[in-house]
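Since the structure comes first, as structure tokens, the remarks are kept for the end.
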Amino acid sequence: SLYSVTWNFGDTTSGPSNTSLLYSPTHTFSGPGTYIVRMKAFNSDNCVDSIYREVTVYKDPDPLFAFTSLPCNDTIFFRDSTLVAGSGAITSWLWDFGDPASGVDNTSILQNPYHVYLNEGTYPVTLTLTNDKGCVDSISLSVQKFPCIQAGFTTDGTLCARNKIAFTDNSFPVTRINEWTWNWGDGTADTTYTTFAPTVYHTFANAGTFTVTLSVETLVNGVTITDNMIGQVTINPTPVTYFANPPACLNQFTLFRDTSVTNGGLINKWKWYFSVNPADTSGLRNPPHKYDTAGIYNVKLITTNQFGCKDSLTKPTRVYGLPVANFETSVACQGDPTYFTDISSLSDTTLGAWRWSFGDPATNTDTSIV
């Protein structure tokens with residue numbers, strides 16, 4: 001009786017798979033071509049016989065296709081762009097449009113079909129080719145059915161109350177959109193325009209989370225088509241800068257004191273500018289400063305909180321000049337009154353107080369405020 005069989009498929013590049021001990025094996029050839037396949041059969045008396053046959057392996061087709069998808073057009077056109085038909089000519093095409101909701105229209109046997117997608121989205125489309133040798137292969141690609149128009153926007157940077165926030169409009173296609181409307185979600189009026197603006201600015205008066213909606217619309221065959229995007233933006237609090245700056249006298253320290261309102265954030269940076277000199281600055285919260293020239297200085301304070309939100313305030317600070325003290329006296333005679341007259345030079349304000357010391361501490365009238 002038949003005892004065993006051995007196979008050699010003549011496909012050395014397939015490695016260990018090139019042989020088999022099964023009675024009815026299968027083999028996947030590593031490439032097209034003509035292979036010499038040998039089978040040996042052994043019976044229970046260990047007698048052996050073999051047979052050789054040529055097996056021709058044909059090349060599969062290498063499917064490829066292209067498609068055209070346009071906004072505001074439900075129909076996508078497909079084109080078979082296969083360059084390699086394999087060992088023979090293509091004899092059949094089978095398209096699966098990945099749109100089961102379309103029922104029997106989900107497939108086609110045309111070489112260059114079209115399909116109507118009722119809903120926007122991405123669909124897995126498969127093209128299966130068969131050549132005249134019976135070889136079959138397929139390819140699947142993701143095909144996007146674009147919406148007629150689509151609203152979209154992004155923001156970046158630090159989002160701070162009382163500051164302009166830049167919204168980047170990513171809606172497409174711009175050439176089809178004829179109106180844009182922004183609803184800021186903060187109770188302010190909507191912003192509507194009909195000419196594309198890549199960046200739109202809005203200022204939120206207070207911190208918080210706001211729902212921003214961008215609506216776009218177009219007119220197609222007399223029908224208004226709209227789309228919108230809804231997004232939430234979180235606006236961080238911005239401090240309100242205040243500071244105290246009492247007037248000072250020349251060559252005396254002025255103490256500047258930060259009195260800013262935090263609005264719920266923590267102020268962690270201060271930048272003072274005491275004059276037009278860019279080096280005349282301080283990073284302290286409450287810095288002292290001495291001026292060497294009398295006048296009015298526009299002092300600026302910039303406060304920054306933990307979120308990076310900034311505010312600034314500029315206030316005039318008065319630095320008064322010093323009077324030049326001087327006096328004259330009458331002739332001083334022992335036992336007679338001596339008259340002292342103030343002839344001091346004013347600076348930039350009137351004199352408000354005098355204090356005399358006559359250098360005669362032995363008397364009770366050695367000083368005067370007259």
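Considering only protein heavy atoms, what is the solvent-accessible area of residue 190 at a probe of 1.4 Å, reported in Å² to the nearest 10?
80 Å²
So how much slack lies between residue 362 and residue 318, counting 0.36 nm per residue of separation and subtracting their Cα-Cα distance, in nm? Please list the in-between numbers first.
On the way: separation 44, 0.36 × 44 = 15.84 nm, distance 4.15 nm.
Roughly 11.7 nm would be gained on extension.
Could you tally the net charge around residue 20, taking each other residue with its Cβ under 12 Å from the Cβ of residue 20, Lys/Arg +1 and Asp/Glu -1?
Summing Lys/Arg as +1 and Asp/Glu as -1 gives +1.
I'm spelling it out carefully: the read-out is Cα Rg over 2.2 N^0.38 Å, the candidates are [x] 1.36; [y] 2.22; [z] 1.46, and one was derived from this structure. Which label?
Recomputing Cα Rg over 2.2 N^0.38 Å here picks out [y].
How much length would be gained if the chain were fully extended between residue 51 and residue 225, taking 0.36 nm per residue of separation minus their Cα-Cα distance, in nm to one decimal? Intermediate results must be reported in sequence, preceding the final value.
On the way: separation 174, 0.36 × 174 = 62.64 nm, distance 7.27 nm.
Residue separation times 0.36 nm, minus the Cα-Cα distance, leaves 55.4 nm.
So how much slack lies between residue 329 and residue 40, counting 0.36 nm per residue of separation and subtracting their Cα-Cα distance, in nm?
In short, 89.6 nm is gained.
Compute the normalised compactness of the stretch 217-330: alpha-carbon radius of gyration over 2.2 N^0.38 Å, N being the residue count.
1.85
Ranked from highest to lowest mean number of other Cβ atoms within 10 Å per residue, what is the order of the peptides 196-206, 47-57, 306-316?
On the way: 196-206: 13.5, 47-57: 11.0, 306-316: 16.1.
Ranking the peptides 196-206, 47-57, 306-316 by packing returns 306-316, 196-206, 47-57.
How high is the relative contact order of the stretch 1-90? Use alpha-carbon pairs under 8 Å, at least six apart in sequence, and give a whole percent.
Reported as a whole number, the value is 23 percent.
So in the chain, which Cys have no other cysteine's beta-carbon sitting under 4.7 angstrom from theirs?
47, 135, 249, 333
Leaving out ligands and nucleic acids, note down the accessible area per residue over the chain with a 1.4 angstrom probe, in whole Å².
60 Å²
Averaging sequence separations of C-alpha pairs under 8 Å and six or more residues apart, then dividing by the length of the stretch 291-370, give the relative contact order as a whole percent.
21 percent
Along the positive direction of the dipole of the chain (beta-carbon charges: Lys, Arg +1; Asp, Glu -1; about the Cα centre), which of 240, 334, 154 reaches farthest?
My answer, from the dipole projection, is 334.
Using the Cβ atoms and a cut-off under 14 Å, what net charge is assigned to the surroundings of residue 319, where Lys and Arg are +1 and Asp and Glu are -1?
Details: positive: 290, 315, 318; negative: 280, 292, 348.
Here the count lands on 0.
Note down the relative contact order for the stretch 96-136 as a percent, whole number, built from C-alpha pairs under 8 angstrom at least six residues apart.
That works out to 43 percent.
Which parts of the stretch 215-246 would a label at residue 268 reach, counting a residue when its backbone N lies under 16 Å from a point 7 Å out along Cα-to-Cβ?
The answer is 236-239, whose backbone nitrogens lie closer than 16 Å to the label point.
Local charge sum around residue 101 (other residues, Cβ-Cβ under 14 Å, Lys/Arg +1, Asp/Glu -1)?
Working: positive: 145; negative: 74, 96, 99, 105, 120.
Residues close to residue 101 contribute a combined charge of -4.
Would you give the gap between the C-alpha center of the stretch 6-22 and the C-alpha center of the stretch 38-66, rounded to a whole Å?
Cα centroid to Cα centroid, the span is 9 Å.
Using the basic label-point model (7 angstrom from Cα toward the beta carbon), what is the residue 341 to residue 290 distance in nanometres?
It works out to 3.7 nm between the two label points.
The values are calculated or read from the model by the stated rules, or taken from the named source; none is laboratory data. Please read all numbers here as calculations on a predicted model, not as lab measurements. Glycine gets a Cβ as well: all are built from the backbone with ideal geometry, and neighbour counts include every protein chain shown. Accessible surface is based on the protein model in full, side chains and every heavy atom, while ligands, DNA and RNA are left aside. Shrake-Rupley method; radii C 1.70, N 1.55, O 1.52, S 1.80 Å.
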